[in-house]
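Structure first, commentary second.
The values are calculated or read from the model by the stated rules, or taken from the named source; none is laboratory data. This is a predicted model, so every value here is computed, not measured. So basically every Cβ, Gly included, is an ideal-geometry build from the backbone, and we count neighbours across all protein chains shown. Side chains are part of the model used for accessible areas, which takes the heavy atoms of the whole protein and leaves out ligands, DNA and RNA. Shrake-Rupley method; radii C 1.70, N 1.55, O 1.52, S 1.80 Å.
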Amino acid sequence: MSATTPQQLVEHALATSTADDCIAIASDSSSANLRWANNTLTTNGVMVAVEVTVISFVATAGGTATGSVSGSASTLEQVTTLVEAADAAARSATAAEDAAELVADRTSPDWDEAPERTGIAVYDAFAPALGEAFRAASAEDRLLYGFVNHEMVTTYLGSSRGLRLRHVQPTGHYACTAKDLGLSRSAWVGGATRDFRDVDAAAMAEQVKRRLGWAERQIELPAGRYDTILPPSSVADLMIDAYWGAGARVAHEGESVYSRQGGGTRIGERIVKQGVHLFSDPALVGLESAPFNVAGASDNTESVFDNGLALARTDWIADGTLAALLQTRHSAAMTGQPVTPMIDNLALEVDGGGGTEQDLVAGMDRGLLVTCLWYIREVDPQSMLLTGLTRDGVYLVEGGEIVGAVNNFRWNESPIDLLNRFSHASATVPSFSREWGDDYFSRTATPALRIPDFNMSSVSQAL
């Protein structure tokens, strides 16, 4: 007997629901991964899963109530269980404050196509080169640890109002850490990819070898403010926080760095240096993402009523001015601004930025290169002050050259402040956030930035 298709799961949910309206989202995901330690491949695996979200809408005396239930489902019977739970949740809920007309009557031309899947074959070129890297590392008394993952998620979104939308999202990343045999030195590199055809395992291993070599000389430095270069990966860590914290409703209510003193948002105000541009675009080459909104539940930045809204390029910061915040139709009505939902990628560009991270190093008299930020947490939403640690590679630059590795630090900085204080920027390139890229947000493009007074608030014992 043939398996039930995701489209059939969606159609069954819509036909089974007894609510006034219904949205069903079926996500067919497959992933393939490799993990290695001590120059040896330790595990590999392929996983396939189907998750269905059912959102029921019921008219009430005060408006429209909703109920959302998600779960693994590969059979019609399992979907029926989800539908019954969502319908019951909607009937017991109060009216939703973000209620709006559901998006209607739009169909993707590929709606009827089967899900796309990945598999171990995605590593056909990468894996043999990784084996060669293991042999070279063992011969040179170096240990490699790491992980690669590739995922294909095909999303089917249907509604009782006629929506039938499909999107295929490939997502991949690699990360590799090198250590010496005594485990006293450590270095990390990582990156994102759509299909691993652009990932060179030999180049990855060579880069992490070079960084580990920089650490042969160990230097102790005190806490303080240092002229600091953040490579694109570290800049991505910070810009993702700036993006996720850009909820319009929270700003409108005076609770974020994007809040105007006296009330409202800072949209239209210059908040960072001129020439700085932060934007998202579902069609951004190499970072393509879903061109329509998908929301399994409502919160301050998403609304289930907005499922299916078309997405297009959105400038969050344009030439230093705050141009938009994350807006549902509900928050847009509150703020009087256009509807600008979250998009699953982010790019930072700086007018006049050019060259590479290495060029920024060559132009530095004395300072630090911080290759990895870690354990980032928000301290103060009003200023977007963040704190975190450095890890796996903080290097001292003298006379334009890296002369050794220094101890780790705890740091305290605001990404908005940094975009006001940086002195140099490289060209924008695809980047990968170590903190957020593995599980949450891997589609970023950022430059390296040089910050003349980055706040290393205390020394950390982290390795």
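Results, tabulated for the structure shown:
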read-out	value
GluC sites (Glu not before Pro) within segment 192-226: DSSP coil, no more than 14 neighbouring Cβ in 10 Å	GLU216, GLU220
Estimated 222 nm signal from helices in the chain, with DSSP H stretches of n ≥ 4 weighted -39500 (n - 2.57), rounded to 500	-6000 deg cm²/dmol
ASP319 - accessible surface, heavy atoms, 1.4 Å probe, Å² rounded to 10	70
P(r) histogram, all alpha-carbon pairs of segment 139-220 included - 10 Å bins from 0, percent	16, 33, 21, 14, 9, 6, 1
Value of relative contact order over segment 238-389, rounded to a whole percent, pairs C-alpha under 8 Å and six or more apart	26
Accessible solvent surface per residue of segment 269-382, calculated while the other protein chains remain in place, 1.4 angstrom probe, Å²	40
Residue among ALA139, GLY355, CYS22 farthest towards the positive dipole end of the chain, charges placed on Cβ	ALA139
Cα-based Rg and Dmax for segment 180-312, where Dmax is the largest Cα-Cα distance (Å)	20.9, 58
Approximate spin-label separation ALA15-ASP227, in nm, with each point projected 7 Å along Cα-to-Cβ	7.0
Acute angle (nearest 10 degrees) that the helix 201-214 long axis makes with the longest principal axis of the chain, alpha-carbon atoms	50
Whole-percent carbon and sulfur share, accessible surface of segment 170-232, 1.4 Å	47
Exposure rank, largest accessible area first [HIS167, HIS173; 1.4 Å]	HIS167, HIS173
Potential extension, ALA310-LEU41 segment - 0.36 nm per residue separation minus Cα distance	92.6 nm
Over the chain, equivalent-ellipsoid semi-axes from the Cα gyration tensor in Å	41, 29, 17
From the C-alpha gyration tensor of segment 389-463, square roots of 5λ in Å	21, 18, 14
Spin-label model distance (nm) - ASP439 vs LEU76, 7 Å beyond Cα toward Cβ	3.7
Folded to 0 to 90 degrees: helix 232-244 orientation relative to the chain principal axis, Cα	30
Gained length - ASP105 relative to ALA297, 0.36 nm times residue gap less alpha-carbon distance	67.0 nm
Degrees, to the nearest 10: 126-139 long Cα axis against longest axis of the chain	30
Residues with amide H under 5 Å from that of ARG391, placed H, sequence gap 5 or more	CYS372
Whole-angstrom Cα spans of segment 90-236 along principal axes, big to small	65, 45, 29
Estimated inter-spin distance, SER383 and ASP180, nm [label 7 Å along Cα→Cβ]	3.8
Net length gained if the chain between ARG210 and ARG91 were fully extended (0.36 nm per residue, minus Cα distance)	36.8 nm
Share of carbon and sulfur in the accessible heavy-atom surface of segment 93-154 [1.4 Å probe, %]	51
